[in-house]
Amino acid sequence: MKLIVFTCVLLFFWVGLTQSLSIVDLLIGLLISVLSIILSRKYFSADIVYPKFRFIKIIKYILVLIPQIIISGFKSLYILITFKTDVKIVKVPTNLSNDFKIFVLAVSITLTPGTITVHKQDNILYVLRLFPQHVDEEKEAESIKDPFEKMLLED
């Protein structure tokens, strides 16, 4: 069942990339999707636990993420215009136990302008921050992960 879902996801991305719904393009996309799944089948582990997705929870998460991206974008723009950059690598410990949720947190942090997740070690993310807001590293880590981690901890 998982392989069928992954094939459909790959086909969806194929349609997005080609921007065409012709039968020929769909068949080519389906063929490439199936071949990709067959060639990478050994990498799909049965012990990976994916959390159950709830549509409302995903929408709420997106509604938290988009304002964070916009606010950080304006902060980054101001800092770049005024040349007041102060780069710092922050150690961000997470309370998340699921690797997939840690991955979502890392991607969310990287999506916000001015922050890049550069390394993951166990439950700790190392984040490059363009404009640190706090001298204390714990407060800085909380300000980076707080809006996203709260949503990911909810079940």
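Descriptive notes on the structure:
- In region 55-153, taking the dipole from charged Cβ atoms about the Cα centre, the farthest positive-side position among 95, 115, 62 is held by 62.
- Cross-link table 2/101; 75/101; 88/150; 60/145, entries beyond 20 Å C-alpha to C-alpha: 75/101; 88/150
- Among [x] 1.09; [y] 1.27; [z] 1.01, the entry that matches Cα Rg over 2.2 N^0.38 Å as calculated here: [y]
- Relative contact order, percent, the chain [alpha-carbon distance under 8 Å, six or more residues apart]: 21
- Structure-based [θ]222 nm, the chain - -39500 (n - 2.57) summed over DSSP H runs of at least 4, per residue, nearest 500: -20000 deg cm²/dmol
- Of the DSSP H helices in the chain, those that are both long (alpha-carbon extent of 20 Å or more along the helix axis) and hydrophobic (Kyte-Doolittle mean at least 0.0) are 2-18, 23-39, 55-82.
Since every read-out is calculated from the coordinates, none of them should be taken as a lab result. Since we're looking at a predicted model, the values are computed, not measured. Note: ideal-geometry Cβ built from the backbone for every residue, glycine included; neighbour counts use all protein chains shown.
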